[in-house]
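These notes are about the structure you will find just below.
The values are calculated or read from the model by the stated rules, or taken from the named source; none is laboratory data. Computed from a prediction, not measured in an experiment: that's the story for all the values here. When we count neighbours, we look across all protein chains shown, and the Cβ atoms used for this are built from the backbone with ideal geometry, even at glycine.
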Amino acid sequence: MTDDSILVLGGTGTTGSRVVSRLKALGAAVRVPSRSGEPRFDWTDRTTWRPALDGVAAVYVVPFDGQRLTRPLVALATEVGVERVVLLSGRGVDVPGYANENSGAGPTHIDGEHAVRELATDWTILRPSWFAQNFSEGVFRDAVLAGELRLPAGDGAASFVDAEDIAAVAVAALTEPGHAGQTYELSGPRALTIAEAAAEISRATGHGIRYVPLVPEEFTAELVADGWSTTDAEDFADAVAPIRRGMDSHISDGVRRSLGREPRDFTEFVDSAAAAGAWRG
Ligand SMILES: NC(=O)c1ccc[n+]([C@@H]2O[C@H](COP(=O)([O-])OP(=O)(O)OC[C@H]3O[C@@H](n4cnc5c(N)ncnc54)[C@H](OP(=O)(O)O)[C@@H]3O)[C@@H](O)[C@H]2O)c1
């Protein structure tokens, strides 16, 4: 028996926490398991999967990058009667030469998308570009606070998407009709180079932040010197490579298609993040 509650995996993360807030604001019954809380859900402990999935009508899946666990999770979800799956994937999974198919999140997203299409009753796939929130709460935040974004992005640009828009699309897909079978490519309304993004954050915070372009080998060497594993450092460099190659600057129409409005601009993200104190050390 399913009720109308919605399970959010990754509910403490960048997109999942926003999905949870928006669902609660709508008055939806939300189940937010975590590795340590109750109900417990741990991707690496399959005994926790069924109790988390039992009885829910829909699930938002933030996958476990680096492994192919979306497929068995979606198979189990369908077996226990979950009617709707909304999968967070990534831009470029179907674009030859975009991602390194053998490293990082690529194989997770490719296999996850296939699994959802093959196994889920109703599904919607979200393919976001780089999150704007990487600068305020994700992988670039420490560099922003240090005043130097040292990345192998050349002078390439990315059409950063606001995680608020990703969450809004996820919630629409979880709660409304009309999104089943859709793959939404999500970006912001314009592309910015890393230097331009740094300048926007400098303006809003009053702190000088500069972009220092590195070649990939310098970048991975710096990360390894900081204690990263070589594999993780190379995965990060691979993830940035599409920006450098000009493959991340296009604008996608998924926010407009799913929500009937334009996506939030990077300036709006920066101003609201600065006002919320995101870059106070
Ligand atoms: N960042 C980008 O620019 C970007 C762009 C496109 C696609 N993506 C994709 O977006 C996804 C990340 O989404 P996000 O940023 O919303 O998430 P996130 O902020 O990276 O958070 C990850 C979530 O997964 C949970 N988690 C980690 N390990 C777990 C485990 N073993 N079992 C259960 N839960 C676990 C974390 O919980 P805890 O609180 O317990 O750690 C957290 O809630 C990735 O698949 C990535 O490839 C990212």
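Results, tabulated for the structure shown:
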| item | result |
| --- | --- |
| Subset of segment 164-189 [in contact with a Lys or Arg (Cβ under 7 Å, 6 or more places away or on another chain) and charged (D, E, K, R)] | Glu164, Asp165, Glu185 |
| Meets criteria (within 13 Å of the ligand (Cβ to nearest atom), more than 15 Å from Val8 (Cβ to Cβ) and buried (at least 16 other Cβ atoms within 10 Å of the Cβ)) for Leu69 | yes |
| Odd one out for Glu38, checked against (1) part of a strand (DSSP E or B); (2) free of Cβ contacts under 8 Å to residues at least 12 places away in the same chain | (1) |
| Where a residue in segment 2-25 is in contact (Cβ under 8 Å) with a residue 12 or more places away in the chain and over 14 Å from Thr175 (Cα atoms) and its partner, wherever it lies, is near the ligand (Cβ under 8 Å from one of its atoms) and part of a loop (DSSP other than H, G, I, E, B), with Cβ under 6 Å and at least six apart | Leu9/Val62; Gly10/Val62; Gly13/Val62; Gly16/Gly10; Gly16/Val62 |
| Qualifying residues in segment 211-234 (those that are closer than 20 Å to Gly147 by Cβ, touching a residue at least 60 places away in the same chain (Cβ under 8 Å) and touching a helix residue (DSSP H, G or I) at 6+ places or on another chain (Cβ under 6 Å)) - the one surrounded by the fewest Cβ atoms within 10 Å (Cβ to Cβ) | Tyr211 |
| Residue among Val20, Val93, Val59, Val82 that alone is crowded, with 19+ Cβ neighbours inside 10 Å, assigned to a loop (DSSP other than H, G, I, E, B) and touching a strand residue (DSSP E or B) at 6+ places or on another chain (Cβ under 6 Å) | Val82 |
| Flag for Arg117 being charged (D, E, K, R) and assigned to a helix (DSSP H, G or I) | yes |
| Residues of segment 119-135 classified as of a type outside the set (Phe, Trp, Tyr), at pLDDT 95 or above and away from the ligand (no atom under 14 Å from the Cβ), total | 4 |
| Subset of segment 235-270 [within 24 Å of Gln182 (Cα to Cα), touching a residue at least 24 places away in the same chain (Cβ under 8 Å) and of a type in the set (Gly, Ala, Ser)] | Ser249, Ser252, Gly254, Ser258 |
| Residue that is nearest to Val169 (Cα to Cα) [pool: residues in segment 118-140 that are of a type in the set (D, E, K, R) and touching an Asp or Glu at 6+ places or on another chain (Cβ under 9 Å)] | Arg127 |
| Filtered residues of segment 136-180 (kept if among the hydrophobic types (A, V, I, L, M, F, W, C), within 16 Å of the ligand (Cβ to nearest atom) and not in a helix (DSSP H, G or I)) | Val139, Phe140, Leu149, Leu151, Ala153, Ala157, Ala158, Phe160, Val161 |
| Among (1) within 25 Å of Gly254 (Cα to Cα); (2) more than 10 Å from the ligand (Cβ to nearest atom); (3) in a loop (DSSP other than H, G, I, E, B); (4) modelled with pLDDT under 95 - the single one Met1 does not satisfy | (1) |
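Conditions tested, residue by residue: (1) at pLDDT below 95; (2) among the polar types (S, T, N, Q); (3) away from the ligand (no atom under 13 Å from the Cβ).
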site: Gly27; (1), (2), (3): no, no, yes
site: Ser34; (1), (2), (3): yes, yes, no
site: Gly90; (1), (2), (3): no, no, no
site: Asp94; (1), (2), (3): yes, no, yes
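Okay, residues lined up against (1) closer than 16 Å to Ala75 by Cβ; (2) within 8 Å of the ligand (Cβ to nearest atom); (3) of a type outside the set (Asp, Glu):
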residue	(1), (2), (3)
Gly10	no, yes, yes
Ser17	no, yes, yes
Val30	no, no, yes
Asp42	no, yes, no
Arg46	yes, no, yes
Tyr60	no, no, yes
